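The values are calculated or read from the model by the stated rules, or taken from the named source; none is laboratory data. Since we're looking at a predicted model, the values are computed, not measured. Reconstructed Cβ throughout: ideal geometry from the backbone, glycine too, with neighbour counts over all protein chains shown. Accessible surface areas use protein heavy atoms only, side chains included; no ligands, DNA or RNA. Shrake-Rupley method; radii C 1.70, N 1.55, O 1.52, S 1.80 Å.
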Amino acid sequence: QKEVEQNSGPLSVPEGAIASLNCTYSDRGSQSFFWYRQYSGKSPELIMFIYSNGDKEDGRFTAQLNKASQYVSLLIRDSQPSDSATYLCAGFRQGGKLIFGQGTELSVKP
Amino acid sequence: KAGVTQTPRYLIKTRGQQVTLSCSPISGHRSVSWYQQTPGQGLQFLFEYFSETQRNKGNFPGRFSGRQFSNSRSEMNVSTLELGDSALYLCASSWRTENTEAFFGQGTRLTVV
């Protein structure tokens, strides 16, 4: 079992819809979690950072963390074609180590 | 505020050569970590430095090494390059090692021929 697993893609949603990206992790020692967006040929861009149970909202993005269920999600409201990218979930381990999932490719259709 | 700067952006090297990549973190950030990204393996952790000390290392051979200077800038070195070392090498910067945002540089695209 991989330490961080993301729902397999590609995920396709129409413009204006809500995109839901999911991630589970196996190591309860992971203290905080990140969502990065990566466009093809570019480096990962930090979208959300969450370390407390519950929801965290930033504009059109909402991250949800449930440590009991070892589950992290990212909701993108009012999805735009510019949101089309690969979304990477990562768990933060002690010693500055990020463990990444395999990524979920999101396609937002106009 | 300047972001994370990696140099060079692109490199082409021959098998057997060695290469040094550089990463300048965001001002005030003391933690620099390095990652290798390939289509097959995704993003994999190489090592992390905090205040000039390597605090964590991933499962890579000893050909991969790094260091951090007193100004927090970090270098990564790969010796005896192999074709499989072709990848995007990314560094991430954060001001401490736990529970804080980590920001990536633009990466160095290394091609080994």
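The table below gives the values:
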item: Test set (1) within 14 Å of chain B (Cβ to nearest Cβ); (2) touching a residue at least 24 places away in the same chain (Cβ under 8 Å) - A:Asp58 fails condition number; result: (2)
item: Residue, most open to solvent (accessible area, probe 1.4 Å), within segment B:1-29, restricted to residues that are out of contact with any Asp or Glu (no Cβ under 9 Å at 6 or more places or on another chain) and among the charged types (D, E, K, R); result: B:Lys1
item: Some residue of segment A:83-102 being among the aliphatic types (A, V, I, L, M), in contact (Cβ under 8 Å) with a residue 60 or more places away in the chain, open to solvent by 10 Å² or more (accessible area, probe 1.4 Å) and away from chain B (no Cβ under 12 Å); result: no
item: Residues that are within 20 Å of B:Gln106 (Cα to Cα) and not aromatic (Phe, Trp, Tyr), drawn from segment B:41-64; result: B:Gln41, B:Gly42, B:Leu43, B:Gln44, B:Leu46, B:Glu48
item: Every residue from segment B:1-47 that is assigned to a strand (DSSP E or B) and under 22 Å from A:Gln6 (Cβ atoms); result: B:Ser33, B:Tyr35, B:Gln36, B:Gln37, B:Thr38, B:Gly42, B:Leu43, B:Gln44, B:Phe45, B:Leu46
item: Matching residues, segment A:63-82, being out of contact with any Phe, Trp or Tyr (no Cβ under 8 Å at 6 or more places or on another chain) and within 14 Å of chain B (Cβ to nearest Cβ); result: A:Lys67
item: Members of segment A:70-82 found to be open to solvent by 10 Å² or more (accessible area, probe 1.4 Å) and in contact with a strand residue (DSSP E or B) (Cβ under 9 Å, 6 or more places away or on another chain), listed by number; result: A:Gln70, A:Tyr71, A:Leu75, A:Arg77, A:Gln80, A:Pro81, A:Ser82
item: Residue tally, condition at the interface with chain A (Cβ under 7 Å from one of its Cβ atoms), within 12 Å of the chain's Cα centre (by Cα), open to solvent by less than 50 Å² (accessible area, probe 1.4 Å) and at negative phi, over segment B:96-113; result: 2
item: Selection status of B:Glu82, within 9 Å of chain A (Cβ to nearest Cβ) and either surrounded by fewer than 16 Cβ atoms within 10 Å (Cβ to Cβ) or touching a helix residue (DSSP H, G or I) at 6+ places or on another chain (Cβ under 8 Å) (or both); result: no
item: Members of segment B:47-64 that are open to solvent by less than 80 Å² (accessible area, probe 1.4 Å) and either more than 10 Å from chain A (Cβ to nearest Cβ) or touching a Cys at 6+ places or on another chain (Cβ under 9 Å) (or both); result: B:Ser51, B:Thr53, B:Phe60, B:Pro61, B:Gly62, B:Arg63, B:Phe64
item: Strands (runs of 3 or more DSSP E) wholly inside segment B:64-111 that include at least 3 residues being within 15 Å of B:Pro39 (Cα to Cα); result: B:87-94
item: Hits in segment A:61-81 (condition: in contact (Cβ under 8 Å) with a residue 24 or more places away in the chain, within 24 Å of B:Leu43 (Cα to Cα) and hydroxyl-bearing (Ser, Thr, Tyr)); result: A:Tyr71, A:Ser73
